[in-house]
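This report refers to the structure that appears directly beneath it.
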Amino acid sequence: MEYIKVEDSFPRLSGTAVTIGKFDGLHRGHRRLVDKILEKKEQGLKSLLFAIDVSDRFILTRDERARFLEEKGLDYLVECPLSDWLRRTRAEAFIREILAGAFGAGYVAVGEDYRFGYERRGNGTMLEKAGHRYGFDVEIVPHEMDGRRKISSTYVREELLKGNMEKVAFLMGSAYYTDGEVVHGRGLGHKALLPTINVRPPREKLLPPDGVYVTCTRFPGGEWRGITNIGFKPTVGGETAPGIETFLFDCDSDLYGQPCTTEFLHFIRPEQRFSSLEALRTRQKADLAAAKAWVEDESH
């Protein structure tokens, strides 16, 4: 996959199948659009996702999004911030200069409520008319729904900030996760508490509430279920930035420095301050039992 970050000018391409949007969470609706452009590769078109970044906190970071799309087989990921220039560009000019001009689109797929251009005047009907003029096909893709509610990044964010990980997994089409690398912690787990691995999430990562979760952590050499704490570890002196600390079930491997992906499957409890390490140790044992019971239930 070619990963292109637009700064001053757009790449000059041709014969592309394009989808456009924010794509900050790659939920089920987004993934359907990705599937649409990937299908066009059979007709000789190159798949291109044009992501317009409007946030500084991401459900999936830019790197996580790029990895997901590369694994799917995308040809081009083009990222562009929502600049003043892009805001001022009229819908007709966006179609002429970017879709037909820079990208050389042969096919465009957008969601049914997609709006673009100055004052959001562009829509699917305008795209379809322009497609006849510039020689590209347009497909307006219906919403993915959860009952009567449209699946959207806003919906995913709401459920993520509640810690409702099962609902987030349904809306996204896969478990919420964060990528990272195992770093050294204080070593307290090996001395007094459960031995854990530590990961520092990127600052731009939108995290679920501080607390304890059932997780699955994947490494190049294997994967393990576990319990993960997100937060500041107030009982043992606290941290200045949120960390991700995981106890892996049945794992005695040396994992320092290894890249990993931690999937958050189920919320157990909020993070809290305990009166002593002994009280924290007792609660960790209860968390461990609750997590293993949840995993056992899920496996049946």
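Computed from the coordinates by the stated procedures, all read-outs in this text should not be read as laboratory data. Computed from a predicted structure; not experimentally measured. For neighbour counting, all protein chains shown are included, and Cβ atoms are generated from backbone atoms with ideal geometry for every residue, glycine included.
Among the GluC sites (Glu not before Pro) found in segment 1-55, those both in a DSSP coil and sparsely packed, with 16 or fewer other Cβ atoms within 10 Å of their Cβ, are GLU7. Once the Cα-Cα distance is subtracted from the 0.36 nm per residue extended length, the ARG87 to PHE10 segment shows a gain of 26.2 nm. Taking a straight Cα-Cα cut-off under 25 Å and skipping sequence neighbours fewer than 8 places away in the same chain, the lysines within cross-link reach of LYS129 are LYS22, LYS36, LYS40, LYS41, LYS46. Determine, at each q value in 0.07, 0.10 (inverse angstroms), the log₁₀ of I(q)/I(0) that the Debye formula gives when each Cα of the chain is one equal point scatterer. Those come out to -0.33, -0.63, one per q. The convex hull of the Cα atoms of segment 123-212, projected and averaged over all directions, covers 9.5 nm². I need the shape label for segment 2-144. Rule: rounded when a/c is under 1.5, else prolate if a/b > b/c, else oblate, with a, b, c from the alpha carbon gyration tensor. Cα axes put segment 2-144 in the rounded bin. Spatial offset of segment 231-300 relative to segment 87-122 amounts to 46 Å, using the alpha carbon center of each.
Normalised by the number of residues in segment 42-195, the average gap of Cα pairs under 8 Å and 6 or more apart makes the relative contact order 17 percent. Tell me whether segment 18-59 comes out rounded, prolate or oblate; compute the Cα gyration tensor, take square roots of the eigenvalues as a ≥ b ≥ c, and use a/c under 1.5 as the rounded threshold. Cα axes put segment 18-59 in the prolate bin. Compared with the dominant Cα axis of the chain, that is its longest principal axis, helix 28-39 is turned about 50°. Translational diffusion coefficient of segment 1-70 (Stokes-Einstein, Kirkwood radius from Cα pairs, 37 °C, 0.692 mPa s): 254 µm²/s. Normalised by the number of residues in the chain, the mean separation of alpha-carbon contacts (under 8 Å, six or more apart) gives a relative contact order of 16 percent.
Normalised by 2.2 N^0.38 Å, where N is the number of residues, the C-alpha radius of gyration of segment 175-298 stands at 0.97.
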